[in-house]
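Report on the following structure.
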Amino acid sequence: MQVEYIIVGFGLAGMAISKELEDHGHSFVVLDNASQVSSRVAAGVFNPVILKRFTPVWNADEQLEHLFPFYKDISKRLGGDYLTFFDTLKVFKSVEDQNNWFMACDNPLLEKYMDPKIIKTEKSGITHYEGFGKVNGTGRVLVTNVLDDYIEYLKEKEQFLEIPFVYNELEIQEDSVTYKDIKASRIIFAEGYGLKENPFFNYLPLTGTKGEMLFIKAPDLQLTEQIKSSLFVLPAGGHVYWVGATFNWTDKTLDPTEKGRKELLEKLDTMIEVPYEIVNQFGGIRPTVKDRRPLVGKHPKHQNLIVFNGMGTRGVMIAPTVSKQLYDYLENNQPLPKDISIERFENK
Ligand SMILES: Cc1cc2nc3c(=O)[nH]c(=O)nc-3n(C[C@H](O)[C@H](O)[C@H](O)COP(=O)(O)OP(=O)(O)OC[C@H]3O[C@@H](n4cnc5c(N)ncnc54)[C@H](O)[C@@H]3O)c2cc1C
């Protein structure tokens, strides 16, 4: 088989660059072995405001501008509907929280997303403190559905192989690469935390942050919004809610843990006042980077080896914009923005 690109990994990053290549008529094949699950356990939320600090998400405006046409295009291509919208309500625990909210509402980068009106109405089943603040422009992408449908679509076109990529079987030539019976001009690595096994790019400072989540069933909780306090509680349909997430910088396994469950339940019990049962618990490793920016670029020595990683805690928002930047860099000779280029780590 001869193609222009091999893509290793089909989470949000691999899907975004596949779409970009397909949009421009390039040939490619994807290899994925389901060894990482970050995209599949993600709630898929997009929210332009960091509610812990009331600061804007990095490049939020640009990312949202690309996000909607990106997922709508995919919906058109695959015939599914993968975008849902809802309000996000930030719980105010104190008057100081409210004052910080008002101050943030005056920030020109945040004013279009943050509603200055305090919502005093109680929410059935949610512990009432000092009211809520509403964030506009939030919603969720149904990540597992879109990945599954995209994989089926690629399989029908014989562009998707469910196999592990074995790094020492890659042969690198001057202007091409060969992997088993596939010859390509370039290979793009989008393995999420799996990058740690990649001998060409594992010098990059991908730290990885484990996150655990719960699905709970709570029939008396009648929410249509996402509620955000020390955790988020988000309707998943049929009285089921996502509850998440933990942040663990030392455990690099995918397994759900007792410690994770305990932490989630302790926090959840301060947020809701109705009975619930736990339906499921799961975990994944977010591909986070020391400086919280994506890792994109060509290998310093082998220019036909490319990395597309570091989506961190926000793959849903970041992948559509950064995949375009990567495409323009590879095919239109546009420079990569300095803050995402791996050249920032080359001297190290
Ligand atoms: C609990 C949790 C909640 C989250 N919630 C959100 C959220 O609400 N919103 C949001 O935007 N982000 C969220 N995230 C973060 C988001 O999941 C990540 O930013 C994003 O999914 C990373 O995508 P990726 O494609 O880089 O990596 P991954 O999704 O990990 O995909 C990498 C792919 O590469 C494959 N792979 C790896 N090595 C190999 C190999 N050698 N051969 C073949 N295939 C290989 C893996 O099987 C996998 O399919 C969350 C993450 C977690 C863990």
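Of note:
- Considering only Gly237, Cys105, Asn145, the residue lying farthest towards the positive end of the dipole of the chain is Cys105, judged by Cα position with unit charges set on Cβ.
- In degrees, nearest ten, helix 315-331 long axis to first principal axis of the chain (Cα): 20
- The distance linking region 60-116 with region 276-348 is 22 Å (Cα centroid to Cα centroid, whole angstrom).
- Per-residue SASA entry for Asp81, accessible area with 1.4 Å probe, Å² rounded to 10: 120
- With every protein chain in place, region 235-303: carbon and sulfur % of accessible area (1.4 Å): 53
- The Kirkwood radius of region 183-331, taken over pairs of alpha-carbon atoms, gives through the Stokes-Einstein law at 4 °C and 1.567 mPa s a diffusion coefficient of 75 µm² s⁻¹.
- Here, region 244-311 has an Rg and a Dmax of 17.9, 58 Å when only alpha carbons are counted.
- Beta bridges per DSSP with both ends in the chain, % antiparallel, nearest 5: 70
- Taking a straight Cα-Cα cut-off under 13 Å and skipping sequence neighbours fewer than 8 places away in the same chain, the aspartates and glutamates within cross-link reach of Lys52 are Asp97.
- Diffusion coefficient, µm² s⁻¹, Stokes-Einstein with Kirkwood Rh over alpha-carbon pairs of region 71-140 at 4 °C and 1.567 mPa s: 93
- Over region 56-185, Cα pairs under 8 Å with separation of 6+ residues give a relative contact order of 23 percent.
- Residue (of Leu265, Gly284, Met317) at the positive-pole extreme of region 236-317, dipole from beta-carbon charges: Met317
- Value of Rg to Rh for the chain, rounded to two decimals, is 0.99; Kirkwood radius and Rg both from alpha-carbon coordinates.
- Straight-line reach from Lys259: taking Cα to Cα under 19 Å and skipping same-chain neighbours fewer than 8 places apart, the lysines in range are Lys210, Lys267.
- Taking the longest Cα principal axis of the chain as reference, the axis of helix 95-105 is set at about 50 degrees.
- For region 160-215, with +1 on Lys and Arg beta carbons and -1 on Asp and Glu, the positive-most of Phe201, Val177, Tyr167 along the dipole: Phe201
- Heavy atoms of the protein chains alone define the surface here; on that basis region 242-348 has 50 Å² accessible area per residue at 1.4 Å probe size.
- Region 7-149: translational diffusion in µm²/s, Stokes-Einstein, Kirkwood Rh over Cα pairs, 20 °C, 1.002 mPa s: 123
- For region 80-205, a simple Cβ point-charge model (Lys and Arg +1, Asp and Glu -1, everything else neutral) yields a dipole of about 580 debye relative to the Cα centre.
- Kirkwood Rh, Cα atoms: Rg over Rh of region 98-184: 1.34
- Counting only heavy atoms of the protein chains and using a 1.4 Å probe, Glu122 has close to 130 Å² of accessible surface.
- Packing order of peptides 322-331, 150-159, highest average first: 322-331, 150-159 (average count of other Cβ atoms within 10 Å over each peptide's residues).
- Counting only Cβ charges, +1 for Lys and Arg and -1 for Asp and Glu, the dipole size of the chain around its Cα centre is about 720 debye.
- Debye-sum result for region 1-91 in log10 I(q)/I(0), which assumes one identical scatterer on each alpha carbon, at q = 0.16, 0.24 Å⁻¹: -0.85, -1.37
- Short to long, the 10 Å bins of the Cα pair-distance histogram for region 5-52 hold 22, 41, 27, 9, 1 percent of all pairs.
- Each listed q (0.18, 0.30, 0.35 Å⁻¹) maps to a log10 I(q)/I(0) for region 120-160, found by the Debye formula over equal Cα scatterers with no solvent: -0.67, -0.97, -1.09.
The values are calculated or read from the model by the stated rules, or taken from the named source; none is laboratory data. In this text, all values refer to a predicted model and were calculated from it rather than measured experimentally. Because the Cβ atoms are built from the backbone with ideal geometry, glycine has one as well, and the counts that use them run over all protein chains shown. In case anyone asks, the SASA skips ligands and DNA or RNA and just uses the protein heavy atoms, side chains included. Shrake-Rupley method; radii C 1.70, N 1.55, O 1.52, S 1.80 Å.
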